[in-house]
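Asks: Once you've had a glance at the structure underneath, I'll fire off some questions.
Nothing in this text is a laboratory measurement; each read-out follows from the coordinates by a stated rule. For clarity, every value in this text was computed on a predicted model and none was experimentally measured. No Cβ is skipped: glycine too gets one built from the backbone with ideal geometry, and neighbour counts run over all protein chains shown.
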Amino acid sequence: MDVLRTSDDRFEALPGYPFVPHYAEVSDPGGGTLRMHYVDEGPRDAPPVLMFHGNPEWSYSFRTLISRLAMEGFRAIAPDMIGFGRSDKPIERRQHSIARHVDWLREFVRLLDLEEVTLICQDWGGTMGPGVVALEEQRFARVLVANGVMHTAESELAGRLPPSYSVHALNDEEMCIGVDMLEWLATSQRMNGLTASQSALGLCVEPVPDEVAVGYDAPFPDEDHMVALRQFAMLIPLRPEDEGAVRNRETWEALASFHKPFLTVYGDSDPCTGGWDAIYQERIPGAKGQPHVTLKGAGHFLGEDRPNEFADLAVAFIRET
């Protein structure tokens, strides 16, 4: 597999991100290995809290949460998905699929032999994370999904999601796809000069300092390094028969028997994930009776809009369950 690796000097002196890099080797389907970067802070024998980011994020977006968890005595672990952050970046789009990213993250969890894990997952992490939980349920003690999605394009989603970001079947021959979803799909493929910070921070409510934008852009010095960033948009299933939709339905089916604590934390000003919190709550037994939260004035990236409040909620969830 042909890969790129972002130069280390791109990650020097990023604000709020003083963490020593760690690396694990995960399987290259071609028979080799890929280097996956991760942050590992706090006591190694402490309860592990595992964080899965979304697109176009990397472990940098969890920087406040990582520091807080380590200060509270937890082991804070945040990998960069393959194609993101300091991890290797395959340059062939077809190397990126929901199934493959779930498998890479599952392999990471097994390599570190993590047990009694608290999983915190954001955006696409809310797809890949539950996918790993479905395959390794015995390793996980609880799950927190923040502004997560797990698309299936099924007709049952009609009226449940923001109309402009909806994707669902109307019948056997027609699909409904919202205008903002179509705009994002087109922009992600056609826009010259697209940057991670532009894509991510445009969904924040609070102003974002220039130095934070630099942090989001650090892994992607040029277009060649942005294959995963662009391809993840195309992983959104547009038909119930799509590979990703089939895989996500399998995950939903597996989690129908997940009775461990499951919490949703969503921003009320996130334009693209509203309604998904209710779907997680309805479909996963462990969500029943949990104090689910909608953060007022928060957009899609809670680690930027409400970093301290988000950390408070995460710590309370762990301690109270």
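Asks: Report, by residue number, each residue of region 105-125 that is in a helix (DSSP H, G or I) and either touching a Ser or Thr at 6+ places or on another chain (Cβ under 8 Å) or surrounded by fewer than 19 Cβ atoms within 10 Å (Cβ to Cβ) (or both).
Replies: Answer for region 105-125, where residues must be in a helix (DSSP H, G or I) and either touching a Ser or Thr at 6+ places or on another chain (Cβ under 8 Å) or surrounded by fewer than 19 Cβ atoms within 10 Å (Cβ to Cβ) (or both): Glu107, Arg110, Leu111.
Asks: Further, regarding this structure: Can Gly299 be described as touching a helix residue (DSSP H, G or I) at 6+ places or on another chain (Cβ under 6 Å) and either aromatic (Phe, Trp, Tyr) or part of a helix (DSSP H, G or I) (or both)?
Replies: On the way: touching a helix residue (DSSP H, G or I) at 6+ places or on another chain (Cβ under 6 Å): yes; either aromatic (Phe, Trp, Tyr) or part of a helix (DSSP H, G or I) (or both): no.
So Gly299 does not fit the description; no.
Asks: If you don't mind, another one. Of all residues being surrounded by fewer than 18 Cβ atoms within 10 Å (Cβ to Cβ), touching a helix residue (DSSP H, G or I) at 6+ places or on another chain (Cβ under 8 Å) and among the charged types (D, E, K, R) in region 239-277, which is farthest from Thr321 (Cα to Cα)? Just the residue, please.
Replies: This residue is Arg239.
Asks: Wholly within region 190-237, which helices (runs of 4 or more DSSP H) include no fewer than the required count, namely at least 2 residues that are within 14 Å of Asn55 (Cα to Cα), under 19 Å from the mean Cα position of the chain (by Cα) and hydroxyl-bearing (Ser, Thr, Tyr)?
Replies: 196-201
Asks: Let me ask something else about it. Determine whether Gly73 is under 26 Å from Tyr165 (Cα atoms) and either assigned to a loop (DSSP other than H, G, I, E, B) or of a type outside the set (Ser, Thr, Tyr) (or both). Even if it seems obvious, please write down each step before you answer.
Replies: Numbers: under 26 Å from Tyr165 (Cα atoms): no; either assigned to a loop (DSSP other than H, G, I, E, B) or of a type outside the set (Ser, Thr, Tyr) (or both): yes.
It is false that Gly73 is under 26 Å from Tyr165 (Cα atoms) and either assigned to a loop (DSSP other than H, G, I, E, B) or of a type outside the set (Ser, Thr, Tyr) (or both).
Asks: Further, regarding this structure: Any idea which of Arg5, Arg75, Arg110 is touching a residue at least 60 places away in the same chain (Cβ under 8 Å) and basic (Lys, Arg)?
Replies: Arg5
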